[in-house]
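Every number here is computed from the coordinates shown, using simple stated rules; none is lab data. Fair warning: this is a prediction, and the values are worked out from it, not measured in the lab. As a convention, Cβ positions derive from the backbone with ideal geometry for all residues, glycine included, and neighbour counts pool all protein chains shown.
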Amino acid sequence: MDIAFSIFVIKYFMRKSVKTFLKSAAKDYVARSVNPPVVRASTILFKTMQELRKHQKNIAKGKDVSHWDYGRQGNQTTIQLQKILKELEQAHYVFLTQTGFSSVALAIMSVCRPGDEIVISDCVYRPTQKLTSQLLKEFNINAIWYNPNSLEDLKNKVTKKTKLIFVENPGSNTFEFQDLGKITSFAKKKKYIHLHR
Ligand SMILES: Cc1ncc(COP(=O)(O)O)c(C=O)c1O
């Protein structure tokens, strides 16, 4: 029974129990392991070029796959963890990265393009400040800082060029707690891409 089927069975029969989900989701009846075995791989084998191309097309379409076409994107173990986190967080998608900061950089770089603005709370982790105010500047992406204690300030900083609102909750070192519900509904109303950490 593969992980996707296992999650389906648990969701179908035991909808309400997170404990049951956590105990059962990662059982691997192929490897006969109660927890998923740790897979480490770089180059992935395919029997034919056709099989590889078909798999790449499925990945591009966002289909549910149990392995990638190249190990740098992840492996069976990370895919299983992504699926479990997605279910627990009720998220649209989960993509794991090697470190916290690489997730920050990947998320920002995935959405911002030259000419865009990013509205960002001024309490963020120092390397995130450097990335947004220094590196992004070289690519003509402007970071606009807002006061994490003022939703009005955030609203006033958003313009037509805003591609991303970056919220860090709680703020690094200063621990401001922002109302994510209010920020999310503001972003959704404006149809801006919204991101928080
Ligand atoms: C808010 C915040 N962002 C990013 C990071 C970086 O995480 P990592 O060290 O896993 O790259 C940290 C680490 O403390 C953090 O506190």
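What is the Rg over Rh value, at two decimals, for the chain, using alpha-carbon atoms and the Kirkwood definition of Rh? Before the final figure, lay out each step's value.
Details: Rg = 20.2 Å, Rh = 19.4 Å.
Rg/Rh: 1.04.
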So the angle from the long Cα axis of helix 3-13 to the longest Cα principal axis of the chain, reported in degrees to the nearest 10, equals 90 degrees
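Which entries of 83/160; 23/63; 54/86; 57/83; 27/54; 54/160 show an alpha-carbon separation above 30 angstrom in the structure shown?
On the way: 83/160 35 Å; 23/63 26 Å; 54/86 25 Å; 57/83 20 Å; 27/54 28 Å; 54/160 40 Å.
Over 30 Å apart, Cα to Cα: 83/160; 54/160.
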Which peptide among 90-99, 142-151 comes first, and what is the full order, when sorted by highest mean count of other Cβ atoms within 10 Å?
142-151, 90-99
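Mind checking the full-extension length gain between residue 169 and residue 94? Use 0.36 nm per residue of separation minus the Cα-Cα distance, one decimal, nm.
Working: separation 75, 0.36 × 75 = 27.00 nm, distance 1.88 nm.
So the chain would gain 25.1 nm between residue 169 and residue 94.
Let me have the 222 nm mean residue ellipticity of the chain computed from DSSP H runs of 4+ only, each contributing -39500 (n - 2.57), with the sum over all residues rounded to the nearest 500. Write down the numbers at each step before the final one.
Details: 8 runs with 79 residues, N = 197.
Dividing the helical sum by the residues of the chain leaves -11500 deg cm²/dmol.
Just the number, please: percent antiparallel of the DSSP beta bridges in the chain, rounded to the nearest 5. Write down the numbers at each step before the final one.
On the way: 2 of 15 bridges.
Bridges in the chain are about 15 percent antiparallel.
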